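In what follows, a single structure is set out as structure tokens and then discussed.
Values in this text are rule-based calculations from the coordinates and carry no lab data. Values in this document were obtained by computation on a predicted structure and should not be read as measured data. A quick note on method: Cβ atoms are made from the backbone with ideal geometry, for glycine too, and the neighbour counts reach across all protein chains shown.
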Amino acid sequence: MKKISGIIAILSLIAGNLYAGSGDFTVEGNVGIGTTTPSAKLEAVSTDTSTIKTSTTRSLSNTNITPYSINFTDSLANGSTGWSALSVIATHEGSLTSGGQGFGGAWYQVILKGSSSNYGDVRAQTNNIFLRVPAGKSYSNLVSVIGNLSAVSDSFAFQGSINTQKLVNYYASTTFENGAGILNATDLVHFWASDFGASYGGTAVTATNAIGLRIDKQSGSKTNYSVTNPMGIWLNGDGAGADLVLGVNRETKLYGNAGNFVIDTAGKVGIGTTTPNVKADINGDIALRAGAVTMANGNNNNIIIGSKSFIRITGPTSSFTITGIAGGFDGKMVILYNTTTRNMKISNEDTNSTDINRIYVLDGSSVDTNGAGAVTLIYDSASGVSGRWIVTSFQP
């Protein structure tokens, strides 16, 4: 009789909590898998194996299937705490001895192996924020994705060392396996910030700054922060293409605390002004960095001055002559300043120098300084057979 009563009690318990119909399984209460004390509606605990594994196969061509769906609804009018629809936390607490181990918080993959000829849209991960904003309500911060790397350990300070080649918060990479495939695309883009003002419709927007990409200073403010080359943006180009393209119409404006730099659609450059009137419009001073060249007594042929435009001449202990200057290109200006007490002669059309390096004096005669003096020359590629340095001013 006692056995019968026990069986009846068990059946009553099952009947009160389990329902089976049309392949469904329903439990009123918490379900524990791998634990006898589940603290949530479904709690699964495992050791040395996957805790939850799902597999879904679609056989109906006109059915949209989401293999793993999480829906969370907050219906409270007022709440003292926030919530997260999905939290993924991967914790490593052991002693890591092998350098080949990988560690990831979440990994999203889309693998296409079929023979389909057309996919409308393929995305590994999409983040969206949809807001219903009643009148008079506000949000302090709206962030779709946050990337953060933090070296902390509970309440312990960071005391160890990290030796790494790359420390990257966001890394974008696209690869294609070897093969005979063809990729046709208009734009290949790793990061795209669309126009804020292009998608607001009739919404009234008031903002101080609209920023597509913000990069704060990388120089740091801590005494123990030492970086050899702090850079906000590093364009690691090879010179084969355009490392920086400024706007669809090739127009840009760069603003700094001390002034402005503008390139407009007509190709005019403005420094210190936002409205350049000529190809190079500078509202401020111009400084030509100086270089030094050591001359010899007598003739100095095809002298090399480098990329400087103001040249201090030193060296000679007696009179010396300059017959030509190497490295001329159309419009380049050079000022030669004789710092010695010896006479400097600028020789007109002197054949001791290569044809394209020769100097032309407007009256056809050579000019000399009486000791210290200066001469200004501008290169004209159309003068002479191949080009000439034209003497525009002379201070004996």
**OP:** Run the quick spin-label model on T275 and A382: label points 7 Å from Cα toward the beta carbon, then report their separation in nm to one decimal.
**Re:** 3.2 nm
Original post:
What span do the alpha-carbon atoms of region 323-378 cover on each of the three principal axes, reported in whole Å from largest to smallest?
Top reply: 30, 20, 20
Original post:
Which entries of K53/K113; K53/K166; K308/K345 show an alpha-carbon separation above 23 angstrom in the structure shown?
Top reply: K53/K166
Subject >> region 41-86 shape via C-alpha gyration tensor axes, a/c threshold 1.5 >> reply: oblate
Subject >> Cβ-based exposure ranking for L336, L362, L142, in which fewest neighbours within 10 Å come first >> reply: L142, L362, L336
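Given the convex hull over the Cα atoms of region 290-396, what projected area results after averaging over all orientations, in nm²? Provide the component values of the computation, followed by the final result.
Numbers: hull surface 22.2 nm².
Result: a mean projected hull area of 5.6 nm².
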